[in-house]
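Reviewing the structure listed below.
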Amino acid sequence: MRNIIRHLAVALSFLAIASCNKTTSQSPSVDPNGPVEVLVPDHGAYTGAFIDFGDEEDDVALEMIEDFEKLVGKHQAIIASSSYWGEQNFPMANLNVAWRHGSLPLVFWSPWDRPYMQNRGPDKFNLNDIVAGKWDDYIDKWADGARQFGHPMIVSFANEMNGDWFPWSGAFYGGEDWDDDADNWKGPETFRRAFRHVVDRVRARGASNVKWMFQTNNYSSPMDTWNFAPAYYPGSD
């Protein structure tokens, strides 16, 4: 996923965007007391880009967005970038660049510590500690930043969990071992609990402008039944 340009064509049947048209910095903010509604386009699909914003995918620059749009000849409704737990901050500047350009920010929020290397297993931001509440202070501060941003945004927490390259993969948390209480495999169930914990805390802080995205990889690794996407699905609420 890292160090590449990834073009997204998203038919947002499960997401709502407040507006797919180009907006200005004067666009009204979201009512903090109500959820974000998703508007599916009447025709076609929204397009977005995961542009090369540096090695860590988090140095969002207007020039890079404009250059990409010139290349493809189309304004991008969605601009994606990364936010790593290892930085312990909220990417306000990055989101503002995308929003003021008239694009909806999509944030890949990854519970990952430096040096952000794949295939090395869980680090201090492991899923069990997240579920246990060890990182609640950070989650709350990030949620406060999202609420203060005040515009619609999509957040993909711990994406591609059905692969075996990121430290939040179910392969590192019991994998195919069965959890009788949860009626699910331990690896996927641990992810589900962490996902729900994070979502619940962010919502409790009043960040109603966040629309959550459950994002799997297009294939599972390992390619076993326990590791298929449905086992990881945290629910629609």
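Every number in this text was worked out from the coordinates using simple rules, so none of it is lab data. Predicted, not measured: the structure shown is a model, and the values here were computed from it. Every residue, glycine as well, gets a Cβ built from its backbone with ideal geometry; the counts of neighbours run over all protein chains shown.
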**Asked** Looking at the P(r) of the range 146-188, how many percent of alpha-carbon pairs lie beyond 12 Å?
**Response** 66
**Message:** I'd like the FRET efficiency for Glu176 and Met92, computed as 1/(1 + (r/R0)^6) with the beta carbon distance as r and R0 of 45 Å, rounded to 0.05.
**Reply:** 0.65
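Roughly what % antiparallel, to the nearest 5, for the DSSP beta bridges in the range 6-232? Mind showing how you got there, number by number?
Working: 7 of 24 bridges.
So the antiparallel bridges in the range 6-232 amount to around 30 percent.
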**Request:** Could you tally up the Lys pairs in the range 6-232 with alpha carbons closer than 22 Å? Skip any pair fewer than 8 positions apart unless they're on separate chains.
**Result:** 8
**Request:** Please compute the net charge surrounding Gly206, taking Lys and Arg as +1 and Asp and Glu as -1 over other residues with Cβ under 9 Å from its Cβ.
**Result:** +2
**Request:** May I have the extent of the alpha carbons of the range 116-184 along their three principal axes, as whole Å values ordered from largest to smallest?
**Result:** 41, 31, 22
**Asked** In whole Å and largest first, what semi-axes does the C-alpha gyration tensor of the range 6-232 yield when each eigenvalue is scaled by 5 and square-rooted?
**Response** 29, 19, 17
**Asked** Within the range 63-91, what residues put their amide N at less than 20 Å from the label point 7 Å along the Cα-to-Cβ vector of Gln148?
**Response** 82-91
**Prompt:** Ser236 versus Arg203, label points 7 Å from Cα toward the beta carbon: distance in nm?
**Reply:** 1.4
**Prompt:** Amide H to amide H under 5 Å from Asn184: which residues, 5+ apart in sequence or cross-chain, H placed 1.01 Å off N in plane?
**Reply:** Asp179
**Message:** If R₀ is 22 angstrom, what is the calculated FRET efficiency for the pair Asp52 and Met223, using the beta carbon separation as r and rounding to 0.05?
**Reply:** 0.15
**Message:** Please list 3J(HN,Hα) in residue order for the range 94-111, calculated via the Karplus relation 6.51 cos²θ - 1.76 cosθ + 1.60 where θ = phi - 60°; whole Hz, with x for glycine and proline.
**Reply:** 4, 5, 5, 4, 5, 5, 5, 7, x, 10, 7, x, 10, 10, 8, 9, 10, x
